[in-house]
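Participant: Sharing a structure here in structure tokens format.
The values are calculated or read from the model by the stated rules, or taken from the named source; none is laboratory data. None of the values given here were measured: they were computed from a predicted structure. Don't worry about glycine lacking a Cβ; one is built from the backbone with ideal geometry, like all the others, and counts go over all protein chains shown. For accessibility, only protein heavy atoms count, side chains too; no ligands or nucleic acids. Shrake-Rupley method; radii C 1.70, N 1.55, O 1.52, S 1.80 Å.
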Amino acid sequence: MGDHAPGDDSENIDWDTEDELEIQNIAPSSCAQLITRDTEAVISNGKASSSAGPSNTKLVEHFLGMGFREQWVTKAIEKNGEGDHESILDTLFAYQALEDPQQGHNSCHPNHLNSPQQQQCVNDDDLSSDYDESLLDDFSESDSWLGSETEDFDSLPEHEKTLKYLVAMGYTEEEASIAMERCPGASIAVLTDFIGAAQNAKTEPVFFEDEKRKNLGENGKLKKRKLYELEAWKRNKQKGPLTEQDEVIRLPNPMTGFGVPSEPSSMVTHRTLPDDAIGPPFFYYENVALAPKGSWDTISRFLYDVEPEFVDSKYFCAAARKRGYVHNLPINNRFCILPLPPRTISDALPLTKRWWPEWDKRTKLNCLQTVIASAKLTERIRKDLEKYSDYVPLDVQKKVIEDCRKWNLVWVGKNKVAPLEPDEVEMLLGFPRNHTRGGGISRTDRYKSLGNSFQVDTVAYHLSVLKDIFPKGINMLSLFSGIGGAEVALHRLGILLNNIVSVEISEANRDIVRSWWEQTNQKGNLVHLPDVQQLNGDQLEQFISSFGGFDLVVGGSPCNNLTGSNRVSRDGLQGDHSSLFYDYFRILDTVKSIMNKQN
């Protein structure tokens, strides 16, 4: 996928431009960890397992994390195939609807997802592999979804069957009736999409929550939240990625976002956020700016139509790093963390000045990568240059500089270039010295972890507005935490870290963050979880109740399928790794829903 490693000949790698050298890697892990101070924190352990059928365990775990039963997920994947995620989700919604949420005596309620006893009580007839997309025929095989009604479902007119099915899915009778009136003869999928669109745009006189509140029973709060999660996914999945023809967002030049300190003329003093984007909580999402066409339009649409802020970190440090940020933070009164980092190669790496040739005009390094140049390449450059005593021909200069730019090589001796050391990369990215060193992590993994991280000074500039808003400290949900770039940025800004829920799949990265937490004597609670796909509404509600809510939801999902240097699987947001963006949206949307209802 996005994994690249330097081979014996770097010329075999197909590079685009100096700005597209961004490669991400994911290392699987399954353990959950906890560091706690003063108060009790919550732990989520392990990964759900697939009992039979699908070979793609992560796909099974993805749908289990959305709150569906394992038996349902297995059946749905067997029916639709592992590649058709939308059909699997539609099938799971249908299985969900087979059980009437009003039936208090029904022990197979979706709120009891983790109980083996409940998992075993699903009727096999309901999960038949002969399942038709409309599901109307299968309803006659189970009486439980009809509750106490005695009429024969098969004898009902088709429009009444459809109405009952939609009500069983959790929609009100008023919603279903309006959808059926506006879309006569439409399929269930079209009707549910119509209802979702009406809810999202608020263009129909359908007041969902008031109606649902009347019919939720004793466990109304949990059931309402479950219904919200299912509807949010159903409502947003049809949006899908945009095509090249649909693209409206263009990358600015220069890439200074709403303003950077070194370019005061670029400052934007005001922006208007869509109503749905206004917190709580604040949110902050990051990914590579040079993504395939349409990617940022899709990201913006899912994140409440907030305009991305594109910033190149070369305005904050000595290395370029073009990134897009979607957030609902204030943009006035930002400030930089001190001391300011060096802005040029010579200032950042002063020992290289002596050996730097006049014909290498670089003052900034390229985007810092997860891989480094091979020893064979640096040795070849040395031998090529040693052929000339006084004057290096222009064609040789050009080739050497091209390699230096590709691999961020610096001059360490006469005719000698070398890749950056991990300690130097840490410094350029704004992390403390030895942040990724020790604890059993290899040199290769240090490069990988650093190459996938935030540039701390850039992120801290954006997050600096939170210092006055949260003088007593912050509660943060950190998704795809990596080596803790957001945590380090907040700490360097002097913002107390009260409660941090950090979700990161790499065990090595979790160890790095835990070690940093202990070495900086943090007094708050750090909760480590391994997988965003398994983080569900029940856990989020528990955290929110324990902490009093999240002040900030931050994250940067994998860019493997977005980066320009990926020639193998640059599939955009549909790629196996980069599609995890939708989990960022799912989790953020669920947090917003829970907190809004509690308020």
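Participant: For residues in region 341-358 being without any contact (Cβ under 8 Å) to a residue 60 or more places away in the chain and within 21 Å of residue 261 (Cβ to Cβ), which is surrounded by the fewest Cβ atoms within 10 Å (Cβ to Cβ)?
Facilitator: The extreme case among them is 347.
Participant: Here is a further query. Does region 297-314 contain at least one residue that is open to solvent by less than 30 Å² (accessible area, probe 1.4 Å), assigned to a loop (DSSP other than H, G, I, E, B) and more than 23 Å from residue 581 (Cα to Cα)?
Facilitator: Taking every residue of region 297-314 in turn, none turns out to be open to solvent by less than 30 Å² (accessible area, probe 1.4 Å), assigned to a loop (DSSP other than H, G, I, E, B) and more than 23 Å from residue 581 (Cα to Cα).
Participant: With respect to the numbered conditions (1) of a type in the set (Gly, Ala, Ser); (2) under 27 Å from residue 287 (Cα atoms); (3) open to solvent by less than 10 Å² (accessible area, probe 1.4 Å), which one is the sole condition not fulfilled by residue 442?
Facilitator: (3)
Participant: Then there's this: Using the structure shown, decide if residue 569 is modelled with pLDDT under 85, hydroxyl-bearing (Ser, Thr, Tyr) and open to solvent by 10 Å² or more (accessible area, probe 1.4 Å).
Facilitator: Judged against the criteria, residue 569 is not a match.
Participant: Taking the stated definitions as given, is residue 421 charged (D, E, K, R), open to solvent by less than 10 Å² (accessible area, probe 1.4 Å), within 30 Å of residue 385 (Cβ to Cβ) and out of contact with any strand residue (DSSP E or B) (no Cβ under 7 Å at 6 or more places or on another chain)?
Facilitator: no
Participant: Give the residue that is nearest to residue 451 (Cα to Cα), with candidates limited to residues of region 373-411 that are open to solvent by less than 40 Å² (accessible area, probe 1.4 Å), assigned to a loop (DSSP other than H, G, I, E, B) and not small (Gly, Ala, Ser).
Facilitator: If we take residues in region 373-411 being open to solvent by less than 40 Å² (accessible area, probe 1.4 Å), assigned to a loop (DSSP other than H, G, I, E, B) and not small (Gly, Ala, Ser), then 408 is nearest to residue 451 (Cα to Cα).
Participant: So if I check each of 480, 470, which one is modelled with pLDDT of 95 or more, open to solvent by 30 Å² or more (accessible area, probe 1.4 Å) and hydrophobic (A, V, I, L, M, F, W, C)?
Facilitator: Selected residue: 470, the only one of 480, 470 that is modelled with pLDDT of 95 or more, open to solvent by 30 Å² or more (accessible area, probe 1.4 Å) and hydrophobic (A, V, I, L, M, F, W, C).
Participant: Then there's this: How many residues does region 357-388 contain that are out of contact with any Leu (no Cβ under 8 Å at 6 or more places or on another chain) and more than 25 Å from residue 431 (Cβ to Cβ)?
Facilitator: Total meeting the criteria: 18.
Participant: Further, regarding this structure: Could we say that residue 599 is more than 22 Å from residue 298 (Cβ to Cβ) and modelled with pLDDT under 80 here?
Facilitator: When the stated conditions are applied, residue 599 passes them.
Participant: Given the criteria open to solvent by 10 Å² or more (accessible area, probe 1.4 Å) and out of contact with any helix residue (DSSP H, G or I) (no Cβ under 8 Å at 6 or more places or on another chain), does residue 414 qualify?
Facilitator: Judged against the criteria, residue 414 is not a match.
Participant: Can you find even one residue in region 286-299 that is free of Cβ contacts under 8 Å to residues at least 40 places away in the same chain and more than 17 Å from the chain's Cα centre (by Cα)?
Facilitator: Checking region 286-299: not a single residue is free of Cβ contacts under 8 Å to residues at least 40 places away in the same chain and more than 17 Å from the chain's Cα centre (by Cα).
Participant: How about region 479-495: which of its residues are among the hydrophobic types (A, V, I, L, M, F, W, C) and out of contact with any strand residue (DSSP E or B) (no Cβ under 7 Å at 6 or more places or on another chain)?
Facilitator: 483, 488, 489, 493
Participant: Among the numbered criteria (1) touching a Lys or Arg at 6+ places or on another chain (Cβ under 6 Å); (2) in a loop (DSSP other than H, G, I, E, B), which one does residue 346 miss?
Facilitator: (2)
Participant: Going residue by residue through region 64-77, is there one that turns out to be modelled with pLDDT of 60 or more, in a loop (DSSP other than H, G, I, E, B) and at positive phi?
Facilitator: yes
Participant: Return only the number of the condition from (1) modelled with pLDDT under 90; (2) under 28 Å from residue 316 (Cα atoms); (3) more than 21 Å from the chain's Cα centre (by Cα) that residue 246 does not satisfy.
Facilitator: (2)
Participant: If you don't mind, there's one more thing I want to ask. Considering every residue within region 539-557, establish whether at least one is at pLDDT below 85 and of a type in the set (S, T, N, Q).
Facilitator: Looking for residues that are at pLDDT below 85 and of a type in the set (S, T, N, Q), one finds at least one in region 539-557, hence yes.
Participant: Okay, moving on. What number of residues in region 497-517 are touching a strand residue (DSSP E or B) at 6+ places or on another chain (Cβ under 7 Å) and surrounded by fewer than 19 Cβ atoms within 10 Å (Cβ to Cβ)?
Facilitator: Result for region 497-517: 1.
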